[in-house]
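Peer 1: Pasting a structure below so you can have a look.
The values are calculated or read from the model by the stated rules, or taken from the named source; none is laboratory data. Everything quoted here is computed from the prediction, not taken from an experiment. Positions of Cβ are generated from backbone atoms using ideal geometry, with glycine treated the same way; all protein chains shown enter the neighbour counts.
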Amino acid sequence: MRSFEHYALNDPGRVALVADGRTTMTFGEVAASTNRIVNFLAEQPCLGEGSSVAVLMPDGPEQIVAQRAVLQRPLYLTPLNRHLTRSEIAYVIADSDARILLTTAEFMDLAAAGVADAGTDCVVIDVGDLTGDGANGWFHDESTEVTATTAAGSRMFYTSGTTGRPKGVRRALRGVTPQEAAQLAVARGDTYGVDVENGVFLSTAPMYHTAGSVFVDQALALGHAVVVAPKWDPRICLDLIGRHAVTWTYLVPMMMSDLLALDVADRSRYDTRSLRRIVHTAAPCPPVVKRGIIEWLGPVVTEIYGGTEGTATFITSEEWLEHPGSVGRAGQATELSVRDEHGNPLSAGEVGLIYFRSTLPTFLSRRRGQDGKVPVERDDHAGGPRIPGRGWLPVRDRARRRPDHLGRGEHLSRRSRARTTRSSRSDRRVCSGAQGRTVGRECPCRCSGFRPR
């Protein structure tokens, strides 16, 4: 079966990571560095099943290796946004109940200060240079042979858009093996249209965000090389696509708008013939932006709609051209519902609040208890009324459900999105860009997005 472990064992010299045009790690090297940390974590008495491990690092090989290591144990991985303030890091450390914080020398002072302010027993560990000949003193005695695990870990992300303290979103540990988790990654790759053996993925998004982390993991599970962009810049993106024959990447509307803002003559300097797929999530994409990308690069855009809590719908370029404004049909193991302000189901064509639920184990949000000390877990219904049935999650968008004229279920048409304070800069950039290419129309965008690197 195809998986990261398959390639690490049978083709250890296969290129896995390329960063800064200099650092290259093979599947065998990534596996060895990952296993050192896995074995270290397995020996820590403070880490039981369901314990949380936080990661505060720059994007690159160290971050990827550390995240993979945590997820090979039955633990929760909490990536920390490196742009957070000391007090915000303290809040997330306390709220997630992190027992260990993995970091690098660059962020050691910030990590230590955040943990001190959190007032917890969290231990800060510098992972050192995992891309060199070996790890630092914490891990150099650890075996590179992986300790057998019967259950994979899960991620606990904190939402990027917030009017106050961010919400922690995590899925209950499912009890699946790392091998079963790899099978799910391959299945998702097939859904995105990227399930080819010799693919190359360009990582442009911060790895402390859901998509930036998940898509790197999925690419490695497919045996793809991952090229890590040093920062977001449209010219750097196009240069890396041509230089490394990138076959797929992940972009948000702000990034696509930046690409379209380049002069046509400037764009034509770069070779994009290898690019087969752009996976797009996050903010609603103005139709003029999506159409512009399709006209330039072909029908390569696949939109995934949902939230930090999970994926709700998929739509390909071909389907979107048939149904402009749609965000597609429910994905596998997903149910959709459009409801009024009181939680009552609406008929096709009526505009209401979007809810979705998965037949997989539900996501849970984690917030502090009223005493400020005890974390509590609950289904997340903030943003819409509680409705009958376990696991329904509001996406805080309004939409109308309409028949799918292709005869394959129903398409969901997105109408608007609640604004979030942290993302207002991205809102303005995408909106102004769309308005610049839309004559005589109100800007269709009500969007949010993450900070560039």
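Peer 1: Would you check if residue 203 is of a type in the set (Gly, Ala, Ser), crowded, with 24+ Cβ neighbours inside 10 Å and more than 21 Å from residue 77 (Cβ to Cβ)?
Peer 2: Considered against the rule, which asks whether it is of a type in the set (Gly, Ala, Ser), crowded, with 24+ Cβ neighbours inside 10 Å and more than 21 Å from residue 77 (Cβ to Cβ), residue 203 comes out as no.
Peer 1: Scan segment 16-29 and give yes if some residue there is more than 30 Å from residue 239 (Cβ to Cβ), at pLDDT 90 or above and part of a helix (DSSP H, G or I), otherwise no.
Peer 2: Within segment 16-29 (the criterion being more than 30 Å from residue 239 (Cβ to Cβ), at pLDDT 90 or above and part of a helix (DSSP H, G or I)), the answer is no, since none of the residues qualifies.
Peer 1: Here is a follow-up. Select from segment 187-211 the residues that are at pLDDT 90 or above, not in a loop (DSSP other than H, G, I, E, B) and not aliphatic (A, V, I, L, M) and list them in ascending order.
Peer 2: Result: 201, 203.
Peer 1: So residue 68 passes all but one of these: (1) part of a helix (DSSP H, G or I); (2) in contact (Cβ under 8 Å) with a residue 60 or more places away in the chain; (3) farther than 20 Å from residue 180 by Cα. Which condition number does it fail?
Peer 2: (3)
Peer 1: Residues in segment 228-265 that are outside any helix (DSSP H, G or I), in contact with a helix residue (DSSP H, G or I) (Cβ under 7 Å, 6 or more places away or on another chain) and buried (at least 22 other Cβ atoms within 10 Å of the Cβ): how many?
Peer 2: Adding up the residues that qualify gives 2.
Peer 1: Looking only at segment 2-15, which residues are among the acidic types (Asp, Glu) and at pLDDT 90 or above?
Peer 2: 11
Peer 1: Working only within segment 1-29, note down all residues that are of a type in the set (Gly, Ala, Ser), within 24 Å of the chain's Cα centre (by Cα) and surrounded by 15 or more Cβ atoms within 10 Å (Cβ to Cβ).
Peer 2: Across segment 1-29, the qualifying residues are 3, 8, 16, 19.
Peer 1: Yes or no: residue 131 modelled with pLDDT under 70, of a type in the set (Ser, Thr, Tyr) and in contact with a helix residue (DSSP H, G or I) (Cβ under 6 Å, 6 or more places away or on another chain)?
Peer 2: So residue 131 fits the description; yes.
Peer 1: Let me ask something additional. Residue 65 - would you say it is surrounded by fewer than 24 Cβ atoms within 10 Å (Cβ to Cβ), under 24 Å from the mean Cα position of the chain (by Cα) and more than 21 Å from residue 112 (Cβ to Cβ)?
Peer 2: Taking the combined requirement at face value, the residue does not satisfy it.
Peer 1: Could you check segment 86-126 and list, in sequence order, the residues that are assigned to a helix (DSSP H, G or I) and of a type in the set (D, E, K, R)?
Peer 2: 86, 88, 95, 106, 109, 117
Peer 1: On to the next question. For segment 72-101, which positions are within 16 Å of the chain's Cα centre (by Cα) and either more than 24 Å from residue 24 (Cβ to Cβ) or at pLDDT below 90 (or both)?
Peer 2: Within segment 72-101, 76, 77, 78, 80, 81 meet the criteria.
Peer 1: All but one of (1) modelled with pLDDT under 80; (2) more than 18 Å from residue 190 (Cβ to Cβ); (3) part of a strand (DSSP E or B) hold for residue 311, so report the exception by its number.
Peer 2: Unmet condition: (2).
Peer 1: Oh, and also: Looking at segment 43-52, is at least one residue at positive phi and over 19 Å from the mean Cα position of the chain (by Cα)?
Peer 2: yes
Peer 1: While we're on this one: Kindly establish whether residue 230 is more than 17 Å from residue 18 (Cβ to Cβ) and not aliphatic (A, V, I, L, M).
Peer 2: no
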